[in-house]
1. Scan the range 276-317 for residues that are within 12 Å of ligand 1 (Cβ to nearest atom), among the small types (G, A, S) and surrounded by 22 or more Cβ atoms within 10 Å (Cβ to Cβ) and jot them down.
2. Tell me, yes or no, whether the range 401-413 has at least one residue that is touching a Ser or Thr at 6+ places or on another chain (Cβ under 9 Å), part of a loop (DSSP other than H, G, I, E, B) and of a type in the set (D, E, K, R).
3. For the range 194-209, enumerate the residues that are of a type in the set (S, T, N, Q), within 15 Å of D177 (Cα to Cα) and more than 15 Å from ligand 2 (Cβ to nearest atom).
4. May I ask you to verify whether E113 is of a type in the set (D, E), out of contact with any strand residue (DSSP E or B) (no Cβ under 7 Å at 6 or more places or on another chain) and within 16 Å of ligand 2 (Cβ to nearest atom)?
5. Might you let me know whether the range 115-136 holds any residue that is part of a strand (DSSP E or B), within 16 Å of ligand 1 (Cβ to nearest atom) and over 17 Å from the mean Cα position of the chain (by Cα)?
6. Considering each residue of the range 137-173, count those that are assigned to a loop (DSSP other than H, G, I, E, B) and acidic (D, E), and give that number.
7. Quick check on E259: is it touching a Phe, Trp or Tyr at 6+ places or on another chain (Cβ under 9 Å), part of a loop (DSSP other than H, G, I, E, B) and among the acidic types (D, E)?
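Just so it is clear, none of the values below were taken in a lab; they were calculated from the coordinates. Here the structure is a predicted model, which means the values were calculated and not measured. Every residue, glycine as well, gets a Cβ built from its backbone with ideal geometry; the counts of neighbours run over all protein chains shown.
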Amino acid sequence: MQAYRASLLRFDSAGQPVHDEDGLVVVGPDANGRQRVQDAGTYAAVAARHPQVPVTHWPGRIIAPGFVDMHIHYPQTDIIGAPADGLLPWLENYTFPAETRFADPVHAAEVAEVFLDELMRNGVTTSLTFATSHPQSVDAFFEAAQRRRLRMMTGKVLQDRHSPDGVRDKAEQSLIDSEQLIRKWHNVDRLGYAITPRFAPTSTDAQLRGAGELAAKYPDTWIHSHVAENRDEVRWARELFPQARSYLDIYAGFGLMRERAVYAHCIHFDDDDRRLMRETGSAAAVSPTSNLFLGSGFFDFEGADRIGYRYGLASDVGGGTSFSPFTTMMAAYYAGREGQTKPGVSIPPSQLWWRHTAGAARALGLEGVIGNLQPGCEADFVVIDPKATPLIARKTALAANLEELLFALIVLGDDRLIERTVISQALAG
Ligand code: GUN
Ligand code: ZN
C-alpha cells in the first residue's frame with residue numbers, strides 16, 4: 001500500500017466535484033493484484049484509518065484523476081495542423097497518405113511510442129483510439145500500451161470502399177482480422193478492443209453488417225466511428241444509404257448502436273437522432289478543437305442535455321489540434337458559448353473537467369474503473385502544479401473557490417501543468 005498527500009479532486013456519482021484542500025489517497029492491490037484506490041478523503045480522516053501506510057507528500061500540488069480521451073487517432077500524430085478546406089479534402093490529402101505508412105509495423109511501433117509519451121506528458125491515462133486498417137497497427141499499439149500497463153482501447157479500421165489503395169480493405173478479410181484481434185487482445189490486462197468502421201461512407205453494406213454481427217457476438221467490446229461531422233459528409237452518407245432516416249440511423253440499421261458504441265462529433269443531429277443515442281445507450285465523443293480546425297460546426301450541448309444522452313470530451317488528434325485536455329476543455333467552453341441554439345451555454349469548469357474524466361468514463365461504460373479517485377477505481381492520476389507558470393501561479397492564488405481555480409487551470413493551462421502522471425504501479429513523467 002502507498003498513500004499520496006496533496007490537494008485532492010474527485011467527483012461524486014452525480015458528477016459534482018469533491019475537493020479536499022489537504023487530501024490523501026491510499027492505493028493498494030485488490031484481490032487480483034491490480035492497484036486500486038483503497039481510500040480517499042481529507043488527510044486527517046484517511047491517515048488516521050491507515051497509520052502504517054507510507055505517505056508521499058506533494059505540498060502545493062493537486063492530485064486529480066487521469067484524463068480520459070474518448071476519441072483520438074494515434075496514426076494521425078504526425079498530421080496535427082494539416083490545413084484543408086474541410087473534412088473530405090483533409091482525409092484525401094493528408095490522412096489517408098499518412099495512414100498508408102502503418103502497413104509497416106516498425107513505423108507503427110515508433111508512432112505508438114511517441115503517441116503514448118505525448119498522452120502521458122499531457123496527463124491522459126486512457127484513450128479510445130483509432131488505429132489504421134492494417135492489423136499490424138493494432139498489434140503495435142496494444143504491445144506498447146501493455147508494456148506501460150495502460151488502460152487503452154483501439155481497433156482495426158474497417159474501410160472497404162471509397163478509400164485509396166494502401167488503406168482500403170476487403171469486407172470478408174477485414175471481419176476475420178477484427179475477430180482475430182478481439183480474441184488476441186480484448187480484456188487482456190487493461191486493453192480493450194473497439195470494432196471500428198471508419199464512417200458509413202467508406203464501408204459497404206456487407207462490411208457494416210458484419211461489424212454489427214461482431215458487436216453482438218462480443219457485447220463488451222467497443223464500437224467506434226464518426227457521424228454527422230461535416231455537411232458534405234452528411235450529404236454523401238445520405239446519398240449512399242437512402243433507406244436510412246438519418247446519417248446516424250444508418251448505424252442503427254446495422255446493429256452498431258448500443259452501450260459502448262462511441263460516435264465522434266454528432267454535430268448535425270436532430271432530436272430524433274439525440275433520442276436514438278439515448279435509447280441505445282450510445283455516446284458522443286465531443287471533439288471541439290477538431291470541429292473548430294476543420295470548420296465542421298459546433299456540438300449542441302443544450303440539445304444533448306435536453307434529451308439526455310451520454311457524451312464526453314475528446315481531442316480527435318490529428319483533426320484536433322492538441323493532446324492537452326486543458327486545450328480541449330477550453331475549446332468545449334468556446335463551442336458551448338457559440339452553440340447551435342442562441343443564447344449559448346456557459347459550461348461550468350467542474351463540468352468540463354468531469355466530461356474529460358469521470359463523465360467520459362461513464363460514457364465509455366467504465367464508470368468506477370477509471371476517470372475518478374473514489375475507492376475501487378484504478379489508480380491512474382495526475383499531479384498538477386498550479387504554479388507551473390508565473391501567470392498561472394498568480395491566477396490560481398487569486399481563486400476564491402474551486403470553480404475559479406479550475407477555470408484558471410483550463411483557460412491558462414497546458415502540458416506544463418502536469419508535473420507527473422502516475423499509472424497504477426509504473427511511475428512516469
Ligand atoms: N471521418 C472519417 N475519418 C475521419 C478521420 O480520420 N477524422 C475525422 N475527424 N473525421 C473522420
Ligand atoms: Zn476522428
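1. A285, S287, S290, S296, A314, S315
2. No.
3. Applying the first criterion (of a type in the set (S, T, N, Q)) to the range 194-209 yields 196, 202-204, 207.
If we keep only those that are within 15 Å of D177 (Cα to Cα) too, we end up with 196, 207.
Q207, the sole residue that qualifies.
4. Taking the combined requirement at face value, the residue does not satisfy it.
5. No: zero hits.
6. Qualifying residue count for the region: 3.
7. The answer is no for E259.
Residue-wise test of (1) closer than 11 Å to L191 by Cα; (2) within 16 Å of ligand 2 (Cβ to nearest atom); (3) polar (S, T, N, Q); (4) out of contact with any Asp or Glu (no Cβ under 6 Å at 6 or more places or on another chain).
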| residue | (1), (2), (3), (4) |
| --- | --- |
| R121 | no, no, no, no |
| T126 | yes, no, yes, yes |
| T132 | no, yes, yes, no |
| A145 | yes, no, no, yes |
